[in-house]
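Visitor: First the structure, which I've put down as structure tokens, then a few questions once you've had a look.
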Amino acid sequence: MHEINEWPEEGELVVCTVEDVKDFVAFVRLDEYENKKGLIHISEIATGWIKYIRDFVREGQKIVCKVLSVDENRGHIDLSLKDVNDHQRREKIHEWKSEQKAEKWIGFVAEGTGASSQEIKEAFYSNFGLLYPAFEEIVTSGDAALKRFSFSKKVNDALKTVASENVKIPKVTITGSLILTSTQPDGVNIIRRALRSAQPKIDDVEIELTYLGAPNYRIKVTAPDYKRAERAIEKASKAAIGVMERAGDSGRFVRKQKAKNA
């Protein structure tokens, strides 16, 4: 439920529960807005000609709609189902479920600390717009994220505990190959130094090297997002190649296709 805006905005995607289906209109409840009511005209149910509206919606069904218009004075909200594609629907449902989880976690914190759940939610909404991203930020930034608020240490500790136990930050993985060739008498040691330099310590980034068979070494980088992963793999490969070139040898980096890792 949105605590700041009591009414949705035009163009917004909203999660609805179908309450009543008539011949030419479906009446729904907006789950995120204190169960305000909305309607979907048959022309906004699906593209093309529709014979039976119940072929597309039924009572009790959860759907994602786009807000077409809002008349606060009349308490009237017009919605469209056909203007929401599959990707938008999945993303909105995911966001909605995440917000429900976050609201429960805030309830746990409030119950355990005696704090006001309403005050915590208002602070999260004013800083992040939603509840779940606040917990994600607490996991990734810790105390730095909590400095935005004026909670007590007890509440901060409880929020960190709940966040760390429940929020899983998505990771991405990218890979490439380091091709390191040495003609020096101590070439083995030079390559070892190059590989050590290819594992710099970078916050929230894991770098793994695997021997594939001379002169190939796989480098795998896992990071919170592609931007950080790309920077890390570039830094690591340049460091290794630099060691090789300073020793009079050669090295090069071959990029592999990026792959997402949950």
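Visitor: Filter the cross-link list 51/97; 62/227; 171/201 down to pairs whose alpha-carbon distance in this structure exceeds 27 Å.
Guide: Pairs exceeding the cut-off: 51/97; 62/227.
Visitor: Another question, if that's okay. Taking R0 as 35 Å, what's the FRET efficiency between residue 171 and residue 20 from their Cβ-Cβ distance, rounded to 0.05?
Guide: 0.20
Visitor: What is the P(r) of segment 203-256, as percent of Cα-Cα pairs per 10 Å bin from 0?
Guide: In whole percents, the pair-distance histogram is 23, 52, 23, 2.
Visitor: Write down Rg/Rh for the chain, rounded to two decimals, with Rg from the C-alpha atoms and Rh from the Kirkwood relation over Cα pairs.
Guide: Result for the chain is an Rg/Rh of 1.17.
Visitor: Let me ask something else about it. Kindly provide the helix-only [θ] at 222 nm of the chain, computed as the sum of -39,500 (n - 2.57) over DSSP H runs of four or more divided by all residues, to the nearest 500 deg cm²/dmol?
Guide: Mean residue ellipticity, 222 nm, calculated: -12500 deg cm²/dmol.
Visitor: Give the lysines whose C-alpha is closer than 24 Å to that of residue 147, dropping any in the same chain fewer than 8 places away, or say none.
Guide: Straight-distance partners of residue 147: 101, 104, 121, 160, 168.
Visitor: What size of dipole, in debye to the nearest 20, comes out for the chain about its Cα centre when the only charges are +1 on Lys and Arg C-beta atoms and -1 on Asp and Glu C-beta atoms?
Guide: 1700 debye
Visitor: Give, in nm to one decimal, the length gained when the segment between residue 214 and residue 157 is fully stretched (0.36 nm per residue of separation minus the Cα-Cα distance).
Guide: Extra length available between residue 214 and residue 157 comes to 15.5 nm.
Visitor: For a protection proxy built on the mean count of beta-carbon atoms within 10 angstrom, sort 234-246, 209-221 highest first, please.
Guide: 234-246, 209-221
Visitor: Could you give me D for segment 93-145, from Stokes-Einstein at 4 °C and 1.567 mPa s, where the hydrodynamic radius is the Kirkwood radius over C-alpha pairs? Units µm² s⁻¹, please.
Guide: 115 µm²/s
Visitor: Moving on to the next point. Could you give each residue of segment 164-169 its phi-based ³J(HN,Hα) in whole Hz, using Karplus coefficients 6.51, -1.76, 1.60 with θ = phi - 60°, and x for Gly or Pro?
Guide: Coupling constants for segment 164-169: 5, 7, 10, 9, 10, 7 Hz.
Visitor: Sticking with this structure for a sec: Which one of 200, 224, 150 is farthest out on the positive end of the charge dipole of the chain, using unit charges on Cβ (Lys, Arg +1; Asp, Glu -1) and the Cα centre as origin?
Guide: 200
Visitor: Please compute the alpha carbon radius of gyration of segment 171-261, then divide it by the globular-protein estimate 2.2 N^0.38 Å. Two decimals is fine.
Guide: Expressed relative to 2.2 N^0.38 Å, the Cα Rg reads 1.05.
Visitor: Would you please give the residues with an amide H less than 5 Å from that of residue 32, counting only those at least 5 places away or on a separate chain, with H modeled from the backbone geometry?
Guide: 15
Visitor: What value does segment 13-83 have for Rg/Rh, both radii from Cα atoms and Rh as Kirkwood defines it?
Guide: Using Cα coordinates only, the ratio equals 0.94.
All of the numbers you see were taken from the coordinates with simple rules; none came from a lab. If you're wondering where the values come from, they're calculated on a predicted model, not measured in any experiment. Here Cβ is always computed from backbone atoms with ideal geometry, including for glycine, and neighbour counts include all displayed protein chains.
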